[in-house]
Amino acid sequence: MSDFIPKDFSLRRTIALNSGVHFVRPMLMAGFVGSATGFLVVGFIKLIEWTTAFLFNPAITNTFWVIFVPVLGGLIVGPWIEFLAPEAKGHGVPEVLKAIALRGSRIRPIVGIVKIVTSVISIGSGFSVGREGPIVQIGSALGSSLGQLLKLPESRIRNLVACGAAAGIAGVFNTPIAGVMFASEVILRDFGANALSTVVVAAVSASIVSRIFLGDHPSFMVPSYHLHHPSEIFLYFILGILAAVAAVSFMVTLEWSEVKFDKWRFPVWLKPACAGLLVGCLGYCFPQIFGSGLSAIQDALHGNIPLQILVSLIFVKILATSLSLGGGSSGGVFAPLLFIGAVLGGAFGQLSALRSVVPIAPSGAYALVGMASVFAAAARAPITSILIVFELTGSYGMILPIMVAVVTATSIAKIIRKDSIYLGKLKSKGIDINSFEEARVLEGLKVSDVMSQEFHLVRQDMAAKELIKFMSTNMTKSIFVIDHKNTLVGIVKSVEFNRILLAEGEDFLIAQDIAISVKEYTFPDEPLNEAAKLMAAHHLTEMPVVDSLNTTKVIGVLRSEDVFRVYAEHVSRRGEITSRQAHDEAVPSDMMTVVFTVNPRSLIVGKTIKELNLPEGVHFNLVKRGARFSVPHGNMLMLIKDRITVIVMPQQEEALREWLKRNRLKDF
């Protein structure tokens, strides 16, 4: 009788998983990325302070010339971004997510350098942007560069990218816990222990470096606020609703600004200067909106800003930040969202105090809650939002109001607008991170998601003649042999089966004589990619899936064709996404991108692309059909509900309009 011997295999896997090298090396790399990012944070903040002091000196601040300071910054930033690293444009985090999704977490090292220079100049010259988005991208670029230098696999590089992001948030705000949560909620979207451990090391390392050079104190000093009356909870619930509206309004305005500037026929490298002129005009009337606006947040938290100014700043900050980022400057949205939340909460608190019949907290308490709520609604990161307010202010007395408002704001924002401020920007360019996550099934799925529960068991005393008939009837490659206690004792494979029968005959053989030992197996909760590697290493076409608590009990079978099918779907989906991105990035900056949907009345339904008589200078770039994206070709048929992306030369815009109308398609 053949024995089922799992001990050797279990021991090998246990030794590999618990090897000190496999544990220590990632921690050392995470610590290096965190510490290096911490030093970059210190230098980044100091450079911003020096640049701001130089450009906004007393001789300029109180004069009309302050309008032109952002223009000067835009003239410097524009060429750097356009000619050296277009990825440095905007608020940073979407570019990191795009690199993770489409480029195997690989970020060009030059992106970090350009991001530092352009963000320092953008913030220092008064563009209404924050410093956290850039440092997230800078830290992520550092982690990615280290991973590429060491030729690590994609999963390890992705983890180092998350380490850099967490270190950036932890260092710039002195908030290590929030840094970890930000990387987990927004970058990795994974709270697994393996991912968290290295991210924690990076965040702590960055925070230690930051505290040594920048001081160990909260970013904002606020009084110790608390809930004055139980009925105030209703007011914080209302504030959560307003925060959701404000966050979505900012997202819509930012998207509008980006679209308008992208379509504007003007040299791309000069657009930041034009946006700077508009921001300068707004800042001349409301100087609080210049730069990150951290001092204004501090004033709002202390209730030192008049009601009329607070209300105005809500709208002015939304517009100024949208113009800054839409125009092509470099900076983050983290601080602007906190700013909008602080002035919204401060205004709501002052208005509530005028009409409340019970004692309520000062307006600064509502500003504190507003900060967390607006950021949570926009970023869809409620845990990060709650924790970062605690760490930013050192105030834990408002936990209940903050939780109520944050959950309310996040829930309502999801109803109004599905995607976060980070994912929304990518989706507007045809990049659906959720679809990509579904595509990474080999790493994301477990064996139980792919294994088949249709397998065959036979008793060890079954005669060979019966076994032959059984195998020919069921057309199976393998059969598991069990004893009278239903314990697995071996496996009969068709190849071995035929060889033994030819050599010895079948008259006196039973199943246990033909069965061979099972040395390799897997568990239902094991990652699919690990099981696939094991099958490939031992040239297995089928592998038993055994119960996690009883390794002699078969509960399923993992077949190579099922693994291959899943892998093929993964490659196909990833290829489509990568091709889509490559086509998008190949569009020259002076050309327009137009998107339309094929409706049932359209005259192009059922025609191939080559039959459409497109105007000269108009090219199909991408076709979305259902949830799938395809690169168009001449013989592709146009179907109802196809979403088409075309690129068009500016001088052919009118020709495209006429073609759309002629074919009963929606004009743009």
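The values are calculated or read from the model by the stated rules, or taken from the named source; none is laboratory data. Since the model is a prediction, treat every value here as computed from it, not as a measurement. Note that each Cβ is placed from the backbone with ideal geometry, even for glycine, and that neighbours are counted across all protein chains shown.
Yes or no, residue by residue, for (1) in contact (Cβ under 8 Å) with a residue 12 or more places away in the chain; (2) more than 27 Å from residue 426 (Cβ to Cβ); (3) of a type outside the set (A, V, I, L, M, F, W, C); (4) not assigned by TED's automatic domain parsing to the domain that holds residue 354:
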| position | (1), (2), (3), (4) |
| --- | --- |
| 238 | yes, yes, no, no |
| 246 | yes, no, no, no |
| 251 | yes, no, no, no |
| 258 | yes, no, yes, no |
| 279 | yes, no, no, yes |
Of the conditions (1) among the small types (Gly, Ala, Ser); (2) touching a helix residue (DSSP H, G or I) at 6+ places or on another chain (Cβ under 8 Å); (3) modelled with pLDDT of 80 or more, residue 617 satisfies every one except a single condition; which number is it? (3)
Among the residues of segment 634-648, how many are assigned to a loop (DSSP other than H, G, I, E, B) and surrounded by fewer than 20 Cβ atoms within 10 Å (Cβ to Cβ)? 6
Looking at the structure I just gave you, is residue 144 surrounded by 24 or more Cβ atoms within 10 Å (Cβ to Cβ), closer than 19 Å to residue 293 by Cα and not charged (D, E, K, R)? no
Of the residues 129, 172, which is at pLDDT below 90, under 30 Å from residue 319 (Cβ atoms), buried (at least 24 other Cβ atoms within 10 Å of the Cβ) and not aromatic (Phe, Trp, Tyr)? 172
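Looking at the structure I just gave you, is residue 342 farther than 30 Å from residue 77 by Cβ, among the aliphatic types (A, V, I, L, M), buried (at least 24 other Cβ atoms within 10 Å of the Cβ) and without any contact (Cβ under 8 Å) to a residue 60 or more places away in the chain?
No: the conditions fail for residue 342.
Can you confirm whether residue 72 is assigned to a helix (DSSP H, G or I), surrounded by 20 or more Cβ atoms within 10 Å (Cβ to Cβ) and of a type in the set (A, V, I, L, M)? Steps first, please.
On the way: assigned to a helix (DSSP H, G or I): yes; surrounded by 20 or more Cβ atoms within 10 Å (Cβ to Cβ): no; of a type in the set (A, V, I, L, M): yes.
Considered against the rule, which asks whether it is assigned to a helix (DSSP H, G or I), surrounded by 20 or more Cβ atoms within 10 Å (Cβ to Cβ) and of a type in the set (A, V, I, L, M), residue 72 comes out as no.
Residues 507, 525: which one is over 14 Å from residue 553 (Cβ atoms), at pLDDT 75 or above and either of a type in the set (Val, Ile, Thr) or not in a helix (DSSP H, G or I) (or both)? Spell out how you get there, then give the answer.
Working: 507 fails: at pLDDT 75 or above.
After ruling out the rest, the residue left standing is 525.
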If you take the residues in segment 478-499 that are at pLDDT below 70 and surrounded by fewer than 17 Cβ atoms within 10 Å (Cβ to Cβ), which one is nearest to residue 458 (Cα to Cα)? 494
Take the conditions touching a residue at least 12 places away in the same chain (Cβ under 8 Å) and over 18 Å from residue 74 (Cβ atoms) and apply them to residue 333. Does it pass? yes
Residue 554 vs. criteria buried (at least 21 other Cβ atoms within 10 Å of the Cβ), in contact with a Pro (Cβ under 8 Å, 6 or more places away or on another chain) and modelled with pLDDT of 75 or more: yes
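Specify which of the listed residues (334, 375, 315, 339) is aromatic (Phe, Trp, Tyr) and more than 28 Å from residue 184 (Cα to Cα).
315
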If we keep just the residues of segment 230-242 that are over 29 Å from the mean Cα position of the chain (by Cα) and assigned to a helix (DSSP H, G or I), which is surrounded by the fewest Cβ atoms within 10 Å (Cβ to Cβ)? 234
